[in-house]
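Shown next, in structure tokens, is the structure this report addresses.
The values are calculated or read from the model by the stated rules, or taken from the named source; none is laboratory data. What you see is a predicted model, and the numbers here were worked out from it, not measured in a lab. All Cβ positions, even for glycine, are placed from backbone atoms using ideal geometry, and neighbour counts span all protein chains on display. All accessible areas refer to the heavy atoms of the entire protein, side chains included, with ligands and DNA or RNA removed. Shrake-Rupley method; radii C 1.70, N 1.55, O 1.52, S 1.80 Å.
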Amino acid sequence: MNEKQTKIIAAIGLFTGGIFGITGSFVSSASFRGLAWGLDGVGLIVASALLTVYYFRKGYDTLAAGFLIFAIGEGLILSSNAADLSDNLSSFAAGASLWAASLIVISFKNIFPKLIRFTGFIAALLFIVVSVQIFSGAAVTGLTKPFPFYAYPFFAATLFGWGWVLIRTNSH
């Protein structure tokens, strides 16, 4: 697979993740939500795996590590998407904490535009709050308001931003 194909496939995965992730957050049907979040998770894992290799080959080891952390976190989230939201709080907390860590690692690198990095930092901070709440014993699910529900728009904006940069740039 050449560089252009890698970037396009990764961007499609990021866009798929953002679209189906947000969609799953707004539907009332648990089965449709599970399907939407399943598609979201697979798209994001494919994208982050490709971006791990892509940025590692470019010499951006820290950025590659950020996308590797993201893939691991998304794998934890994906593993509980078809279950009742309150049945896998520890997997959700672990995944959200890895999302936060990856967003921080990726956003610290001066590869993406400042606005995208800013939305990544905001999403990371909100996911840290969610993880701390769950690890402290609170019954916070993927749809609890205010968090993580209001973290998702920042998260999706970051995903869309990453995808946009991949498609629009010839370098990094």
Alpha carbon centroid spacing (whole Å) that separates the stretch 100-172 from the stretch 19-90: 12 Å
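Over the chain, with the other protein chains present, what is the accessible area per residue in square angstrom, probe 1.4 angstrom?
Numbers: 8100 Å² over 172 residues.
Averaged over the residues of the chain, the accessible area is 47 Å².
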[x] 1, 7, 12, 14, 16, 15, 13, 9, 6, 4, 2, 1, 0; [y] 1, 7, 11, 11, 8, 4, 3, 3, 3, 4, 4, 4, 4, 4, 4, 4, 4, 3, 3, 3, 3, 2, 2, 1, 1, 0, 0; [z] 1, 10, 18, 25, 21, 13, 7, 4, 1, 0, with the label sought being that of the calculated P(r) over Cα pairs in 5 Å bins from 0, in percent: [z]
For the stretch 14-22, 3J(HN,Hα) per residue [Karplus equation, 6.51 cos²θ - 1.76 cosθ + 1.60, θ = phi - 60°, Hz, x = Gly/Pro]: 5, 5, 4, x, x, 5, 6, x, 5
Integer Hz, Karplus 6.51/-1.76/1.60 couplings in order for the stretch 71-80, x for Gly and Pro: 4, 5, x, 5, x, 5, 5, 4, 5, 10
0 to 90° range, to nearest 10: angle between helix 30-57 axis and the chain longest Cα axis: 30 degrees
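Ignoring ligands, DNA and RNA, what percent of the accessible area of the chain is carbon or sulfur (1.4 Å)? Working shown, then result.
Details: 5490 of 8100 Å².
Taking all protein chains in place, the chain shows 68 percent carbon and sulfur surface.
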Eligible lysines near residue 7 by straight Cα distance, threshold 21 Å, same-chain separation 8 or greater: 58, 109, 114
Label-point gap, in nm, between residue 1 and residue 31 - each point 7 angstrom along Cα→Cβ: 3.2 nm
